[in-house]
Amino acid sequence: MKIVLIRHGEPSPIDHKLTEKGVLDAKALKEFYKNEHIDKVFSSPLDRALDTCKIFLEERDEKYVICPWLEEFVHPVYLKNNEEPVLNWDFLPSFYTKNDDLYDPKTYLETEVMKSGNIKHYYDYVTSNFDKILEENGYKRSGKYYEVIDSNRDVLVFFCHLGIISVILSHLTGIPYSVLAQGFACPTTGVTTIYSEEREKGIAQFRCVSYGDISHLKANNIKPSFHARFCETFDSDERH
């Protein structure tokens, strides 16, 4: 099985719909992958992801299924001595790097800060629904691996969001979601590709072979959006 996670195009900060650049990037994505085989398509209901999905499928026969659980993972948490809540993937380095438990796969969802936003509940909601789709398509979760019910080479595509991509990758690889969310920024319309590996009969794991690939933008000399990144230097005008 091949799993493809596609982040939506650049959104407007006002209404979160696709910007002109977001539409341009989505069209480049459509053209670049027009000959790629796809079996099933799933999309977040949010406009920026759904519109990216619709553009991608404009000249294809595949239909899409809207999944509410693919909505962005925007669940605020509360820090001590901090009046305003923060998004659970938006910690400043002075806080994040001093909390070793956030790097530990066994403890990070049970930390005080993650509990303050009930993050484990939302994480489990996403991953349980994701596993239902995999089971319907031949791969049943069993502990940390997947029992192969129907070995196949089907291609499942998910149009979603940065936080959701981090959650799904965390679930499939065992890397803490907090580490992925803090350390990896998938560009808008970036393509993340994951394959099943059935090295032992009936037992599969998943391996990420590319993350946030933007070959479709490079092929058209399109500069990627800065969206999801932060300032490269403190004295810059980029987002802090």
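The values are calculated or read from the model by the stated rules, or taken from the named source; none is laboratory data. All values reported here derive from a predicted model rather than from experimental measurement. Because the Cβ atoms are built from the backbone with ideal geometry, glycine has one as well, and the counts that use them run over all protein chains shown. Ligands, DNA and RNA are stripped out before the accessible areas are found, and what is left, the full protein with its side chains, is counted by its heavy atoms. Shrake-Rupley method; radii C 1.70, N 1.55, O 1.52, S 1.80 Å.
Data table
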item	result
Residue list for the stretch 1-32, filter: within 23 Å of Phe226 (Cα to Cα) and assigned to a loop (DSSP other than H, G, I, E, B)	His8, Gly9, Glu10, Ser12, Pro13, Ile14, Asp15, His16, Lys17, Thr19
Residue check for Ala228: open to solvent by less than 40 Å² (accessible area, probe 1.4 Å), modelled with pLDDT under 95 and closer than 22 Å to Ile6 by Cβ	yes
Criterion violated by Ile55 - all others in (1) among the hydrophobic types (A, V, I, L, M, F, W, C); (2) over 30 Å from Lys115 (Cβ atoms); (3) in contact with a Leu (Cβ under 7 Å, 6 or more places away or on another chain) satisfied	(3)
Checking Asp124 against (1) part of a loop (DSSP other than H, G, I, E, B); (2) modelled with pLDDT of 95 or more, the condition it does not meet	(1)
Breaking point among (1) in a loop (DSSP other than H, G, I, E, B); (2) open to solvent by less than 30 Å² (accessible area, probe 1.4 Å), for Thr192	(1)
Any hit, the stretch 135-151, residues being in a helix (DSSP H, G or I) and closer than 23 Å to Ile3 by Cα	yes
Selection count where residues are open to solvent by less than 80 Å² (accessible area, probe 1.4 Å), without any contact (Cβ under 8 Å) to a residue 12 or more places away in the chain and either of a type in the set (Lys, Arg) or not in a loop (DSSP other than H, G, I, E, B) (or both), scope the stretch 74-119	2
Single condition Pro105 does not satisfy, out of (1) touching a Cys at 6+ places or on another chain (Cβ under 9 Å); (2) more than 28 Å from Arg239 (Cα to Cα)	(1)
Any hit, the stretch 44-56, residues being farther than 19 Å from Cys160 by Cα and open to solvent by 20 Å² or more (accessible area, probe 1.4 Å)	no
Residues of the stretch 199-225 that turn out to be part of a strand (DSSP E or B) and surrounded by 15 or more Cβ atoms within 10 Å (Cβ to Cβ), as a count	7
Filter result for Ile149 (open to solvent by 30 Å² or more (accessible area, probe 1.4 Å) and modelled with pLDDT of 95 or more)	yes
Matching option when the condition is more than 19 Å from the chain's Cα centre (by Cα) and without any contact (Cβ under 8 Å) to a residue 12 or more places away in the chain, among Glu31, Glu62, Glu20	Glu20
Selected residue (criterion: modelled with the lowest pLDDT) from residues of the stretch 152-185 that are of a type in the set (S, T, N, Q), part of a helix (DSSP H, G or I) and surrounded by fewer than 23 Cβ atoms within 10 Å (Cβ to Cβ)	Gln182
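Conditions tested, residue by residue: (1) under 21 Å from Asp124 (Cβ atoms); (2) touching a strand residue (DSSP E or B) at 6+ places or on another chain (Cβ under 9 Å).
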| residue | (1), (2) |
| --- | --- |
| Ser44 | yes, yes |
| Thr52 | no, yes |
| Glu58 | no, no |
| Glu71 | yes, yes |
| Val74 | yes, yes |
| Glu83 | no, no |
| Asn88 | yes, yes |
